[in-house]
Structures are given as C-alpha cells and as structure tokens.
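Please read the structure below before turning to the comments.
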Amino acid sequence: MKNSPRLSFLSVKSVPTLSWSSPKPLNLRPDLVTLILLIVGLTIFGLGEALLIAAGAGVSPWTVLAQGVSQQTGWTIGLSTFIVSMTVLILWWPLKQVPGIGTILNAIIIALVLEFVLPYIPTPNGYIFQVLLTILGILVTGLGSGIYLIANLGPGPRDGLMTGFQQQTNLPIAWIRSGIELSAVIIGWSLGGVVGLGTVLFAVLIGPSVACSLFVLDKVFGGKET
C-alpha cells in the first residue's frame, strides 16, 4: 500500500542533490557555501543531541549498546563507545561508503556543541516535559542530519551505515535508520545496557525524522534525487 501524500517522506530512498551538495564526498576543497551548510547542519545536529541529553528520558540507542559492551567486557563507557564507533566504520568498507571532511567535523562540532550548549539547557522537572523535549531533540537532530547529509562531504559513522544499507537494499531511509537504531537498542539491552522511554522514542522516530528533513529540504530548495 502506498503512503498517503502526508506521509510521502517515508518513501524517501536517497539523499537529494541540492545547490550546496558537493559532487563527491572526498572533496578537500569544497565550495564555501557547502562547507558553511555542513557546519550549520552539524551544529543543529549537535543541538538536537544536547536536547536529548538534557531531557533525561533515556540515553541514545548507541549509548545503550556501549553500556552493554562495557558490562560484558569491563571496559569504560568511553572505550566501549570508541570500539563501537570503530566497528561501525569498519562496516563502511563492504557497504562502499566514502568518508570526507564531514566525517571528521561530525565528531568535532557535535562534541563542541555538547560542551558549550548543554550546560545552558535546563532539565525539565515533569516526565511529560522530558518526553516532549526528547521529541523536540529528535526533530532537531533529524533536521541537522538532513542539512549536513545533503552537503555530501562524508557522513558520520551512524549515518554512513544508514546510507550504505539503503544503497545495498533500496529500502526507504526511514525504515533503514529505525532498523539500525532498534538493533542497537536490542543488542545493547541484551548485553546489560539500560533502556528508557527516550531511547525507544529515538530508535523509532529518528528514521522518519531524517527522512522528513530530506524530503522537505528537497521540496523547498528544488533539488533532484541522486
């Protein structure tokens, strides 16, 4: 059954090419507007991550996975997170994903945003407000993902996994991303990680959020699908 017009974004299967898109991910001399919008997208992404942390309704799926790995190995959360990230990057090779300056800036800019913005975001007192802030964080993260992915200067580890699986399966981005996040939650929980409502909301909604962002940006700025 086809999606209704209001849910057309759930059928998005590729990252559109817009005026600020780089012709290739491995581009060490991108146009200034491409670089600026990459940074803007990653900054918005980082803000979304900060909102999710401030909400306090549950850690991200990949943090649950890192917690599970830490429980089983005795490694610290930091080391476990690093190992998980390196494993994801290794999976890029058979999926034929290409890194770029966006892959590097992904880690740097998001870390900086969390460092300098998170302290100024108040944590909601009521659980309902925590859930609402979690949903806002998911929407903001999806918007940032769309902007920086369209720049085409190399995705972050999780987004590269998403685009790689999409290209191999030709399934919609929304379902691919949600499937990846849910898998991380299930594996992490089975290994001893802690799951909250915010974790489940992120796993289920981040795929549609990213797909919606790509769909809206394509419609507004008149790009074409690659």
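The values are calculated or read from the model by the stated rules, or taken from the named source; none is laboratory data. It should be emphasised that the depicted structure is a prediction, and the values quoted were computed from it without experimental measurement. Positions of Cβ are backbone-derived with ideal geometry, glycine not excepted, and every protein chain shown enters the neighbour counts. When the accessible area is computed, the model is the full protein with side chains, heavy atoms only, and any ligands, DNA or RNA have been set aside. Shrake-Rupley method; radii C 1.70, N 1.55, O 1.52, S 1.80 Å.
Return the FRET efficiency for the residue pair TRP93, SER190: r is the Cβ-Cβ distance, R0 is 22 Å, and the value is rounded to the nearest 0.05. Intermediate values should be presented prior to the final figure.
Details: r = 26 Å, r/R0 = 1.19.
Approximately 0.25, to the nearest 0.05.
Distance between the 7 Å Cα→Cβ label points at ILE36 and VAL216: 2.2 nm. Per residue, the average separation of C-alpha pairs within less than 8 Å and at least 6 apart gives the range 94-175 a relative contact order of 55 percent. Phi-derived couplings, Karplus 6.51 cos²θ - 1.76 cosθ + 1.60 at θ = phi - 60°, listed residue by residue for the range 9-15: 4, 5, 9, 4, 10, 7, 7 Hz, with x used for Gly and Pro. Along the Cα-to-C-beta direction of THR123, a point sits 7 Å from the Cα; which residues of the range 71-102 have their amide N less than 20 Å from that point? Within reach of a label on THR123: 77-78.
For the chain, the per residue solvent-accessible surface stands at 51 Å², with DNA, RNA and ligands left out and a 1.4 Å probe. Modelled label positions at ILE83 and THR169, each set 7 Å beyond Cα in the direction of Cβ, lie 2.6 nm from each other. Among the lysines of the chain, pairs that are 8 or more positions apart or on different chains and have alpha carbons within less than 18 Å of each other number 6.
Quickly estimate the mean residue ellipticity at 222 nm for the chain, helices only: each DSSP H run with n ≥ 4 gives -39500 (n - 2.57), and the total goes over all residues, rounded to 500. The partial results should precede the final answer.
Values: 8 runs with 154 residues, N = 226.
Rounded to the nearest 500, the figure is -23500 deg cm²/dmol.
Out of [x] 52, 48, 30; [y] 44, 41, 36; [z] 52, 39, 30, which label holds the value of Cα extents along the principal axes in Å that was computed here? Computed from the coordinates, Cα extents along the principal axes in Å corresponds to [y]. In this simple spin-label model, placing a label point 7 Å from the Cα along the Cα-to-Cβ direction at both LEU26 and LEU182 gives a separation of 3.5 nm.
Pop out the carbon and sulfur fraction of the accessible area of the chain as a percent, whole number, probe 1.4 Å. Show your work: numbers first, answer last.
Values: 8150 of 11630 Å².
Carbon with sulfur: 70 percent of the solvent-accessible area.
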